[in-house]
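Remarks on the structure that follows.
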Amino acid sequence: MEDSKIIELYFQRSEDAIKQTDKKYGKYCYTIAYNILSDALDSQECVNDTYLKVWETIPPAKPSRLSYFIGKLTRNLSIDRLRNRSAMKRSAEADVAFEEIDGMISDTSVDIHDGIFLKNTINSY
């Protein structure tokens, strides 16, 4: 099916538009997502999110090249998913690091007295 006919289906709010989009661009979108995410499940979810985004976007918008439009949406959604995935990892690592040093800094009153004693010792030397 031609892109113009698929776009017409979106304007008619026909669910067949998503089926035709998947039939024509499903592998294309999956390849884009997989090249960014390197994960089959996340890639398939991004492709599904792309279809939802196209459904929400096309009635006001009318893309001149559907392939570019869908490819860009897939790429942006995949990059967002990758950022979210890596941000969650940083957060988990930070939690572990804070737990490790928690025992060292829990009683600061002893550390302050030791620091003052050390300062006075160095100054008297």
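The values are calculated or read from the model by the stated rules, or taken from the named source; none is laboratory data. The structure displayed is predicted, hence computed values, not measured ones. FYI the Cβ positions are ideal-geometry reconstructions off the backbone, even for glycines, and counts take in every protein chain you see. All accessible areas refer to the heavy atoms of the entire protein, side chains included, with ligands and DNA or RNA removed. Shrake-Rupley method; radii C 1.70, N 1.55, O 1.52, S 1.80 Å.
The modelled label-to-label distance between Y28 and M1, using points 7 Å beyond Cα along the C-beta direction, is 1.4 nm. Model label sites at R13 and S67, defined 7 Å from Cα along the beta-carbon direction, differ in position by 3.1 nm. Rolling a 1.4 Å probe over the protein heavy atoms leaves D39 with an accessible area of roughly 60 Å². Remark: spin-label model distance E45-K119 equals 5.1 nm, labels positioned 7 Å along the Cα→Cβ axis.
If you wrap the Cα atoms of the range 1-91 in a convex hull and average its projected area over all directions, you get 5.8 nm².
The solvent-accessible area of L41, taken with every protein chain present and a 1.4 Å probe, is close to 120 Å².
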